[in-house]
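Every number here is computed from the coordinates shown, using simple stated rules; none is lab data. These numbers come from a predicted model, not from an experiment. Note that each Cβ is placed from the backbone with ideal geometry, even for glycine, and that neighbours are counted across all protein chains shown.
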Amino acid sequence: MYKSYLISVAIVTLFACNTNEKNQTGSASGSTSDTTIIKTQIPHMQCYANMNGRDTVFLKLEKFPNVVTGILKYKLYEKDANHGELDGKLYGDTLIADYKFESEGKESIRQVAFLIKGNVVKEGYGDMEQKKGKMVFKNAENINFNNGLQLNEIACPIE
């Protein structure tokens, strides 16, 4: 009997707590609806790669409405491999991003540019200069995509 009494007290306490919470969160008019709306942005994800002989370049882009984030990895034969994260913006079909990467234990930042056309991405090159601790394009309008490395869209690997 004592056990059933404790269960009854616990149930009454739960209902009392729920009632108090509703009263505390309700508005002055007595409404208990919560008007807070949380929007979760799900990025559009695309992956690209170039595998040529012993060279591999991998690019994963996560496109949000006004920013692009991602991962970029270079593994070029007889050169230092590097990998890191992208953070940039799309200007039409052109992505300009800061590439924060690590190579031989040293962290660096440089701008990268990619021209995105359907299922193909071309890396752009141009004159660069050092500003505020990172390498940046001297003039983004002069980036050349004609001779850049071409990456083709692939299925994104499951992580």
Residue order, fewest to most beta carbons within 10 Å, for 44, 83: 44, 83
Cβ-derived FRET efficiency at R0 41 Å, residue 77 paired with residue 141, nearest 0.05: 0.80
Cut-off under 5 Å, modelled amide H: who pairs with residue 55 long-range: 77
